[in-house]
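Take a look at the structure set out below.
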Amino acid sequence: MKEMMTAKDRWLAAMTMRPVDRIPVWAKLGSSYPKYQREPFKNMSILKLQQYVGSDRHEWILPSGRIEFKNGAGMEKSNENGDITIKYITKYGTCVNRRKIDPETESMHPTDMCIKTLEDIKIMTEWYNSSEFVFDKDANDIAKARYAECGQDAVVSEVVVETPFMYYLEYLAGIAEGHILLADYEDEIEALFEAEDRWCQKRVQNEVEHSPADILYIEENTSTTTLSPTQFRKYCVPYLEKYTKMMQDADKLVAYHMCGHLKLLLSDLNQLPNQAQEAFTPPPFGAATLIEGRAECPGKCLIGGCGAGQWVMDDPDKIIAYIEEQLSRLPHHRGIVLTSAGVMPPGCSPETIRQVFDWVKQYPNRN
């Protein structure tokens, strides 16, 4: 089939549920992916690997801002051989967060949360009230240069924000302790969320005014393994609606990165105003298939649909059979970007990815 659209045009059409010349494909290759491959792939750049497998590239830029402080607040960061320490400093005290970069996957994981007590809640509330995200021209110039460099060869995205509750669970308090603290100190935690929200709104406003990105992401990492549907509706939906409206008022496309179990949230997600759900992860690591996602969210672009559980087989025939079964049962193929959902497992070879993508590109696309 002759390709008539550029990678960027194909992505933007899929994001807005418009017809495409073929189903877009995106290989989400993490930075550690090449080192697990044999030659010649082992020494290839991510860009060269994307080109080899035939991916419709999706590139990232960094925010166009920095944090400024008042009232004696501040932040100190250090990284010693992958051991990251972040100190949140206020006039009332300091909270410390520790994270670890795994050398094998080059991914970052929190190891010690900064909120453990009522006093910590008050310190972090003060920190958010005493800090602000402001425009940084140098950062913006870098983002614009990177955007221009990509041209029509890639869609360009930026991660802007995460809602207060999800960031609190992921990075400030942790899942178990976070839920316990919320039960014991609901008023104080909600005051923290309000302070986080003011901070987040400033960051969103800065990016909608200055970011050149085609797509702005709210990086929620939502999963009903970490929160309940009731909590999602109470603590996440109002902020998602607020931030999305701010972005869309500036004519930006909005994607939610939610990479966990979403089956119990599909009807809620359908009511939200974003254009796309990204890292839409099927079983065994997620909970909803493309078929279920399309049935419950008929107007959303679904970016994902074939997860690590399928790709790690490294068997193109089995992967293609899974994808074909899903695609054949969809009412149409508008608003589908086929990816590995989460990052591509290193156990799946570039040759397999390329063979699967070549098959998808020839698949009879129903617009």
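Observations on the structure shown:
- By accessible area with a 1.4 Å probe, ligands and nucleic acids excluded, highest first: order of THR94, THR225, THR339: THR225, THR94, THR339
- Estimated at 0.36 nm per residue, the fully extended path between ASP112 and ASP317 surpasses their Cα-Cα distance by 69.5 nm.
- Cα centroid separation - region 212-267 against region 315-367, whole Å: 25 Å
- Using R0 = 41 Å, the C-beta based FRET efficiency linking GLU119 and GLU292 works out to 0.40.
- Dividing the mean sequence gap of close Cα pairs (under 8 Å, 6+ apart) by how many residues region 1-117 holds gives a relative contact order of 15 percent.
- Cleavage-rule hits, GluC sites (Glu not before Pro), region 1-110, DSSP coil, Cβ neighbours within 10 Å at most 15: GLU3, GLU104, GLU106
- 0 to 90° range, to nearest 10: angle between helix 118-129 axis and the chain longest Cα axis: 70 degrees
- Extending 7 Å from the Cα toward the beta-carbon at both LYS263 and SER45 defines two label points whose distance is 4.2 nm.
- When the chymotrypsin sites (Phe, Trp or Tyr not before Pro) in region 296-367 are filtered for DSSP coil states and for at most 14 other beta-carbon atoms within 10 Å of their beta-carbon, no site remains.
- Residue order for LEU118, LEU172, LEU253 - accessible surface, 1.4 angstrom probe, largest first: LEU118, LEU253, LEU172
- Probe 1.4 Å, protein heavy atoms only - accessible area per residue of the chain in square angstrom: 43 Å²
- Part-to-part distance (alpha-carbon centres) for region 122-155 and region 37-105, which is given in Å: 13 Å
- Carbon + sulfur, % of accessible area of region 228-300 - ligands and nucleic acids excluded, 1.4 Å: 56 percent
The values are calculated or read from the model by the stated rules, or taken from the named source; none is laboratory data. Nothing here was measured: the structure is a model prediction, and the numbers come from that model. Using ideal geometry, Cβ is built from the backbone for each residue, glycine included, and neighbour counts are taken over all protein chains shown. Quick note on the areas: whole protein, heavy atoms, side chains included, nothing else; ligands and nucleic acids left out. Shrake-Rupley method; radii C 1.70, N 1.55, O 1.52, S 1.80 Å.
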